[in-house]
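Taking it in order: structure first as structure tokens, then the write-up.
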Amino acid sequence: MKTTGLQSVVSTFGEVKSRAESQWQELRNSGKPVIMVGAGTCGRAAGALEVLRAIKDELKKQKLDCSVVEVGCMGHCYAEPLVIISKPGYPSIGYGHVNPVIAERLIREFILGDNLCLEFVLGALEQNDLIPSLSDFPRARFDKKVILKNCGHIDPEQINHYIANGGYAALVKALQMPPEAIISEVGRSGLRGRGGAGFPTGQKWENCRSALGRPKYVICNGDEGDPGAFMDRAILESDPHSVLEGMIIAGYAIGARYGYIYVRAEYPLAVHRVQVALRQARKLSLLGRNILGSDFSFDIRLFQGSGAFVCGEETALIASLEGEPGTPHHRPPYPATNGLYGKPTLVNNVKTLAYIRHIIENGAGWFASTGMERSKGTAVFALAGKVVNTGLAEVPMGTTLRQVVFDVGSGMQKGKRFKAVQIGGPSGGCLPESALDLPIDFDSLSHAGAMMGSGGMIVLDEDDCMVEIARYFLEFTQRESCGKCTFCRLGTKQMLEVLDEITKGKGRIEDIDMLGQLAEDIKAGSLCGLGKTAPNPVLSTLRHFRDEYEAHIKEGRCPALMCRDLIAYYIIPEKCERSCDACVGTCTTEAISTNKKRIKVIDQEKCVKCGTCLTSCPPQYQAVVRVSPPSEVPASK
Amino acid sequence: MAMTEEQAEVKRQTKRILNRFSSKRGNLVPILQKVQGKLGYLPREAMLEIAEFLGIPAIDVYSVVTFYNQFRLNPPGKHSLRVCLGTACHMKGGYITLDAWKRRLGIERGQTTPDREFDLDIVACVGCCVMAPVTVVDDKPQGKVEPTKVDGILLSFKLEKERQGGESQ
């Protein structure tokens with residue numbers, strides 16, 4: 001690149017950056033209190049928008065001048081809606097489980113008065129002498145935020161917030177490097193694709209750069225279809241520019257002119273924020289023709305995925321971009337040489353691209369200093385299920401599962417016993433307690449029968465049936481199979497039927513071997529990752545929880561009391577309180593009646609086993625129980 | 001066969017949307033999304049119109065429409081109900097909630113009630129796993145929707161309808 005172009009890049013960006021910084025300084029240091037409301041999808045579902053409205057109304061009523069900022073997701077999903085207040089003279093304080101009433105109180109008592117409202121405090125954001133900070137939480141020992149760093153701390157719809165926090169500096173640096181140097185930097189960092197398969201990113205870039213054929217394309221794969229995974233959504237909603245910056249650098253490195261960012265249409269907020277980000281980046285000449293005055297041009301288009309799990313597979317994703325049904329193609333040729341419209345195409349996951357700016361800015365050595373021998377950097381997990389602190393976590397590779405579940409997640413809900421952790425969604429598996437000390441990296445997890453996948457982690461307790469969860473995932477993959485490969489289309493159907501029978505207590509003992517056989521055949525006979533990994537949930541549960549399968553088959557009993565055909569609800573007459581009618585009133589099918597002694601009885605014929613009576617029975621009686629097998633219910637007199 | 005008023009309207013609306021696109025095959029999915037966004041579903045006339053515009057066989061449009069979960073072939077109800085069956089929701093009884101909706105509305109998933117009041121479907125995960133089991137009611141995710149809350153939501157719709165009926169009289 002010509003030196004004049006380079007000088008213009010640096011000086012143009014210098015102006016952009018100083019404008020951004022002064023806007024940021026004005027927000028942080030104007031002496032006005034700053035109120036940040038976490039309004040990602042999860043926050044909104046918990047009522048963040050109502051809280052936001054309440055805050056604005058109350059500020060108007062009290063005639064207070066504060067800056068109110070809508071931010072993304074901080075990762076503390078269990079405490080949504082989350083509000084952060086930075087008042088001059090105080091540390092920034094995070095408040096959890098805020099509702100409109102609490103929000104009004106915070107305004108009246110903390111902003112107007114000086115009462116910290118300690119009862120609602122989650123923790124301070126920085127160390128101080130007043131109250132405990134979030135960094136004192138047990139999880140802070142394991143947290144290492146790289147790509148989640150900005151999430152929840154900047155307004156995702158303000159490009160200046162991003163720039164003031166170091167954004168797009170990596171792009172400027174990259175534009176001054178030869179493309180080969182960028183690729184070798186990414187290669188030396190040891191970054192592996194975060195979409196699940198873990199292919200070395202630097203090598204993918206190299207393959208794409210050296211491929212013949214023009215134009216080349218960069219695609220960001222944000223088709224996060226795993227049920228139970230929401231990391232990509234959170235990043236796109238909370239820090240969209242970090243992904244765009246990664247894409248632009250990738251485009252420069254491989255010599256591409258166009259990029260597509262593929263986001264699920266089921267994520268309307270992410271779609272909206274990416275649209276806003278693209279518009280703002282174009283306006284500042286960070287995207288489009290002659291980026292920052294250089295002779296590099298690159299533009300990105302947003303494409304909304306239409307809801308097909310298989311489109312997370314790169315060749316299927318490309319097919320859907322071309323307007324075809326999303327069925328995968330045989331690889332090789334890989335998209336790096338024959339991708340979109342037959343041209344060289346780089347497909348990277350959202351998280352992979354989000355790491356790029358950090359690697360360019362801090363160097364390959366910095367990135368590689370975290371993590372394991374063959375898995376460098378950090379891992380991002382969406383922690384959900386029966387764990388106390390659900391949410392997003394970013395920890396160094398090599399952290400053990402036990403640390404993630406019990407320290408980051410603070411252990412099990414309601415004091416229940418840990419049974420398994422499901423990792424990697426429908427392509428992954430369930431790992432039992434004995435596997436908890438495994439360090440998390442690409443290789444150890446697949447060794448144990450699970451898979452890194454995209455990072456969904458669901459914690460299961462003693463009330464969760466392992467046969468049922470295997471059946472659930474198979475039902476999902478069976479429904480989402482595109483139908484191209486016979487083994488995947490019909491094999492998963494057969495497996496599902498067998499599992500259905502087992503959960504209904506109609507299984508045969510030889511079914512267990514048949515499941516294993518079918519699983520091997522499906523893996524061997526499928527083209528893409530969906531089919532190759534679809535049997536994993538069954539194989540891993542068979543390996544670690546075979547006794548549960550046997551209980552279903554041999555005794556017609558579901559040990560976790562979950563499979564509806566194998567359980568019954570029963571009201572213990574001795575415990576039932578004559579004057580109480582709670583269950584009768586709540587029963588959705590009028591299956592509960594009162595007998596002559598004023599004791600409640602469930603009509604097993606009418607009962608749909610929804611469990612409402614169990615929750616409605618007042619805790620002091622505990623008269624409703626679940627039993628398995630259903631024959632345990634004593635015959636009524 | 002003469003076109004009904006509704007079919008003619010569908011054609012008109014579709015054409016208006018097609019004007020904003022070039023006739024590239026790659027535009028098929030975005031076109032379908034826009035048309036469904038406008039009409040709520042993809043009627044036969046709209047698909048025929050799109051096929052003609054892109055110069056591809058109608059069966060190719062139909063194949064794409066039926067492949068992706070987002071597209072629907074029947075008109076939506078006034079209120080949409082999407083039961084989340086993500087892993088966390090499933091483990092916390094999302095399937096029981098789905099049964100409760102089916103029982104109360106008398107329809108299966110993917111269907112609309114005969115009075116076009118409600119349509120029921122499932123969604124693979126809306127990422128609100130913390131509030132499981134979730135039902136997305138008219139695009140707003142509602143947490144902890146168990147069978148009793150199903151009845152509560154239906155009752156609130158009924159009351160609102162009665163109130164509106166009362167006001168208009």
Along Cα→Cβ, 7 Å out, is where each label goes; now give me the distance between the ones at B:Gln7 and B:Arg163 in nm to one decimal.
-> 4.2 nm
Simple SL model, points at 7 angstrom along Cα→Cβ for A:Asp437 and A:Asp114; separation in nm is 5.3 nm
Could you give me the ³J(HN,Hα) list for the range B:127-133, computed from phi with Karplus coefficients 6.51, -1.76, 1.60 and θ = phi - 60°, whole Hz, x at Gly and Pro?
-> x, 10, 4, 5, 9, 4, x
How crowded by other chains is B:140-148, given as the mean number of beta carbons from other chains within 10 Å of each beta carbon?
-> 4
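Tell me, what is the percent relative contact order of the range A:366-407, built from C-alpha pairs under 8 Å that lie six or more residues apart? Spell out each step's value before the answer.
Details: 49 pairs, mean separation 14.0, N = 42.
Answer for the range A:366-407 is 33 percent.
Take the residue pairs A:Lys554/A:Lys575; A:Lys351/A:Lys416; A:Lys609/B:Lys144; A:Lys56/A:Lys149; A:Lys149/A:Lys386 and return only those whose Cα atoms are more than 24 Å apart.
Distance filter (> 24 Å) returns A:Lys554/A:Lys575; A:Lys351/A:Lys416; A:Lys56/A:Lys149; A:Lys149/A:Lys386.
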Cβ-placed point charges (K, R +1; D, E -1), dipole of chain A about Cα centre in debye, nearest 20 = 840 debye
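Can you say what percent of the DSSP beta bridges in chain A, counting only those with both residues inside, are antiparallel? Round to 5. All intermediate terms of the calculation are to be shown ahead of the outcome.
On the way: 37 of 65 bridges.
Of all bridge pairs located within chain A, approximately 55 percent are antiparallel.
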Relative contact order, percent, chain B [alpha-carbon distance under 8 Å, six or more residues apart] | 18 percent
Shielding of A:40-47 by other chains, given as the mean Cβ count within 10 Å, works out to 4
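Take every DSSP beta bridge whose two residues both sit in chain B, then give the antiparallel share in percent to the nearest 5.
Working: 8 of 14 bridges.
In chain B, DSSP labels about 55 percent of beta bridges as antiparallel.
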Report, to the nearest 10°, how far helix A:201-210 tilts away from the longest principal axis of the Cα atoms in chain A, using its own Cα long axis and a range of 0 to 90°.
-> 50 degrees
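Taking K and R as +1 and D and E as -1, what net charge do the other residues with C-beta under 14 Å from the C-beta of A:Gly167 add up to?
On the way: positive: A:Lys17, A:Arg19, A:Lys149, A:Lys173, A:Arg357; negative: A:Glu21, A:Asp155, A:Glu157, A:Asp239, A:Glu245, A:Glu361.
My count for the surroundings of A:Gly167 gives -1.
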Rg/Rh for the range A:479-628: what does it come to with C-alpha atoms and Rh from Kirkwood?
-> 1.15
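Counting Lys +1, Arg +1, Asp -1, Glu -1, what net charge surrounds B:Gly40 among other residues with beta carbon under 11 Å of its beta carbon? Don't jump to the answer; show the numbers that get you there.
Numbers: positive: B:Lys38, B:Arg72, B:Lys78, B:Arg116; negative: B:Asp119.
Counting the neighbours of B:Gly40, the net charge comes to +3.
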In nanometres, the difference between 0.36 nm per residue of separation and the alpha-carbon distance of B:Asp139 and B:Arg116 is 6.6 nm
What is the sum of charges around B:Ala58, taking Lys and Arg as +1, Asp and Glu as -1, for the other residues whose C-beta is under 13 Å from the C-beta of B:Ala58?
-> -3
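Taking every pair of distinct Cα atoms and averaging 1/r, then inverting, what Kirkwood hydrodynamic radius in Å comes out for chain B?
On the way: mean 1/r = 0.0562 Å⁻¹.
Its Kirkwood hydrodynamic radius stands at 17.8 Å.
Assuming R0 = 41 Å, can you tell me the calculated FRET efficiency for the pair B:Ser156 and A:Lys60, based on Cβ-Cβ distance, to the nearest 0.05? All intermediate terms of the calculation are to be shown ahead of the outcome.
Working: r = 30 Å, r/R0 = 0.72.
My answer for the efficiency is 0.90.
Fewest to most neighbouring Cβ within 10 Å: what's the order for B:Phe71, A:Phe13, A:Phe476, A:Phe230?
On the way: B:Phe71 19, A:Phe13 22, A:Phe476 26, A:Phe230 32.
With the fewest neighbours first, B:Phe71, A:Phe13, A:Phe476, A:Phe230 line up as B:Phe71, A:Phe13, A:Phe476, A:Phe230.
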Once you have the Kirkwood Rh of chain A from its Cα pairs, apply Stokes-Einstein at 10 °C and 1.306 mPa s and quote D in µm²/s.
-> 59 µm²/s
Going toward the positive end of the dipole of the protein assembly as shown, with +1 on Lys and Arg Cβ and -1 on Asp and Glu Cβ, which of B:Gly152, A:Gly259, A:Leu49 do you reach last?
-> A:Gly259
Of A:Leu566, A:Ile599, A:Pro535, whose Cα points farthest to the positive end of the dipole of the range A:488-637 (charges on the beta-carbon: +1 Lys, Arg; -1 Asp, Glu; origin at the Cα centre)?
-> A:Ile599
Note on the range A:1-82: alpha-carbon gyration tensor, axes a ≥ b ≥ c; rule is a/c under 1.5 for rounded, else prolate if a/b larger than b/c, else oblate; result oblate
Let me know the charge dipole size of the range A:102-218 about its Cα centre in debye, to the nearest 20, where only the beta-carbon of Lys, Arg (+1) and Asp, Glu (-1) is charged.
-> 1000 debye
Estimated distance in nm for a label pair at A:Glu577 and A:Tyr90, the labels positioned 7 Å out from Cα along Cα-to-Cβ = 4.2 nm
Dipole-positive endmost among A:Gly425, A:Phe442, A:Gly483 within the range A:417-493 (Cβ charges, Cα centre) | A:Gly483
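Taking the Cα centre of the range A:508-617 as origin, work out the dipole magnitude from +1 charges on Lys and Arg Cβ and -1 charges on Asp and Glu Cβ, in debye rounded to 20.
480 debye
Given contacts defined as C-alpha pairs under 8 Å and at least six residues apart, what's the relative contact order of chain A, whole-number percent? Write down the numbers at each step before the final one.
Numbers: 1325 pairs, mean separation 71.0, N = 637.
It comes to 11 percent, rounded to a whole number.
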When you count, for each residue, the other Cβ atoms within 10 Å and take the mean per peptide, how do A:307-319, A:584-596, A:267-279 rank with the highest first?
-> A:307-319, A:267-279, A:584-596
Please give the average number of partner chain Cβ atoms lying within 10 Å of the Cβ of each residue in A:316-328, rounded to a whole number.
-> 4
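Any read-out appearing in this document is the output of simple, stated calculations on the displayed coordinates, not a laboratory observation. What you are looking at is a predicted structure, and each value in this text was computed from that prediction instead of being measured. FYI the Cβ positions are ideal-geometry reconstructions off the backbone, even for glycines, and counts take in every protein chain you see.
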